[in-house]
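The structure under discussion appears below in the form of structure tokens.
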Amino acid sequence: MKRLTKNAGRKRRNGFERLMVQIGIMVVHSLLAVWGVIWAIVRGVFQMVWYSLRQIGRIFRALGRSVRNAFAEHNRAAQEMLLEVRHAKKDGGKQFVKQVIRFIGLYIFGEHGILRTGFNYLIPVLSIAFLIAIVQYGTGLDYAISVVCNGEELGIISSESEFEAAEAEVRQRVGTDGEGVSFNPVYTLKIVSENDQYVSSRTLADKLLAGSQETLEEATGVYVDGEFIGAVTDVKKISDTMDKNLSDYATNLNDLVSEVYYTKSIEYQEGIYLADSVKQPQEILKILTAEEETESRYTIQSGDSPQLVAAKFNMTLEELQELNPHMERSFSEGSMLKVRTVSRYIPIAYTKNLTVTSFIDYASVEVETSALNLGERKVVAKGVMGEKSSEVEVTVIDGVESERRILSSAVTKEPVPEQIGIGTYSPEPASKETVFRGNGMFGWPVDGGYISDGYISDRNHKGIDIAAPYGSDIYASEAGFVVTAGWNSGGYGYYVIIEHADGYRTLYAHCSVVIAYEGQTVEKGQVIAKVGSTGNSTGNHCHYEVRLNNICVDPGHYLRVNAD
């Protein structure tokens, strides 16, 4: 019985050891997976976390199975010992007590006892909890790069690019493109503590120079847009001079200027510099204030004037005329002008606000009008440009306008559209053989009809007779003012006289009905009467006259009908 128990225990130990090995492997896998998440986030955070969770799940499932098996083994061993206790009871009280004490000891402290079984499985659980705590602690730390050069720790930086910037700074300070200057930094990852401080690229540059064998000097470096110009021991003279130049420039401008500034940034940085790069303030100022006057060409734009061009380039009108002697004769859009410009090493810019009036182009609209013959097109009302007032911010660099930005604008005068008349006046003779080749000032006055008697003829006829059926429409042959409408006892019968521009009048006589009335304004093509034979007439017709300053003239000179 004891030998069987020992064999069973040995098998159980071997199985337990294999199980613990498996658990250990799983723990290592989990550790690698978690640290993989920390150091290789870009290579698949989600997949690694998911894999880690699956591994941890496998561990807990394996632990669960192992614990269940261990306690099941413990229960089987306890049942066997209880069976031995029952057998000992038959052997007498002393043997029974001895067996009970042995049972209790093995149950609690034995190889499969509760205490040992629980302790064996508590250690892996505590290990996993410890591992998780380490991972959480590690991910909550701040890391930085420690820079060591020539065996000396220079400080901590957030990225290698800061050291590269420091190296470039050193090359600038050394000059001649930094030939012969090289560094071999060693980067190490470091956990940042409360006492650690990040260093700037310029502080690194100071430390790198301090470690060299060159002659160094504490000075102030002058930088223009980040470019090292030189170093000086007295930077106040430079800063005061540059400020004064800007102030003097602003004084010469008018009150409309709102801001004057350098277009390049000027920085002064205290530090350690090579003695050879330390210069006198006058040398640095000569570089910073350098300027060159040049002539260039300007293309005249729409809306330009000589005064406006001169103002654009900060010149007087006399200076512009001196450069362009024939400007008055050749000043037109697209022509070229000589202008003078000043180019500074550090350009000076200013902004000013102006109120500018600009024009708004008018639209063209087509309108039908009987004032024109059918198919004829003509501008009947000229368009008028509108006006817009704008608040404009103008940026000027070295005296030359470089940009305009509209701040606000408002229409002060609405444009008036141009009206293009489309002729609709269509009365014409009944026959295409009736032809007049006059200037077309007046239109054919009757709906149909034909010439039954011409101008002058054999009886000193003062107009032309247009025969047409009784009641045919008679039209105003041009727009005008009705001065007479009614009965004429001198032989015209019912008649109408219309006054037109420039001293012209037209007369329409022998009407059956007069529709127009005195004082009325009529349009070309408007019906004013009907054909009849009233007054001194022998048939239905319209007697038509054209008068200039009350003198009868040939209507044929003003009618254009069936002409090519």
* Structure fact -> By residue number, the members of segment 419-445 that are surrounded by fewer than 15 Cβ atoms within 10 Å (Cβ to Cβ) and in contact with a Leu (Cβ under 8 Å, 6 or more places away or on another chain) are S426
* To do: Report yes if K378 is open to solvent by 80 Å² or more (accessible area, probe 1.4 Å), over 30 Å from A311 (Cα atoms) and part of a strand (DSSP E or B), otherwise no.
  => yes
* Asked: Within segment 350-363, is there a residue that is over 30 Å from N252 (Cα atoms), open to solvent by 60 Å² or more (accessible area, probe 1.4 Å) and part of a strand (DSSP E or B)?
  -> yes
* Has segment 473-481 got any residue that is at pLDDT 95 or above, surrounded by fewer than 22 Cβ atoms within 10 Å (Cβ to Cβ), small (G, A, S) and not in a loop (DSSP other than H, G, I, E, B)? -> yes
* Asked: Does segment 266-281 include one or more residues that are open to solvent by less than 70 Å² (accessible area, probe 1.4 Å) and over 30 Å from T215 (Cβ atoms)?
  -> no
* Determine, yes or no, whether V411 is of a type in the set (A, V, I, L, M, F, W, C), in contact with a Gly (Cβ under 9 Å, 6 or more places away or on another chain) and exposed (fewer than 13 other Cβ atoms within 10 Å of the Cβ). => yes
* For K338, are the conditions met, namely being at pLDDT 85 or above and under 36 Å from the mean Cα position of the chain (by Cα)? -> yes
* Look at G490 and say whether it is in a loop (DSSP other than H, G, I, E, B), open to solvent by 60 Å² or more (accessible area, probe 1.4 Å) and not polar (S, T, N, Q). => yes
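The values are calculated or read from the model by the stated rules, or taken from the named source; none is laboratory data. Nothing here was measured: the structure is a model prediction, and the numbers come from that model. Positions of Cβ are backbone-derived with ideal geometry, glycine not excepted, and every protein chain shown enters the neighbour counts. In case anyone asks, the SASA skips ligands and DNA or RNA and just uses the protein heavy atoms, side chains included. Shrake-Rupley method; radii C 1.70, N 1.55, O 1.52, S 1.80 Å.
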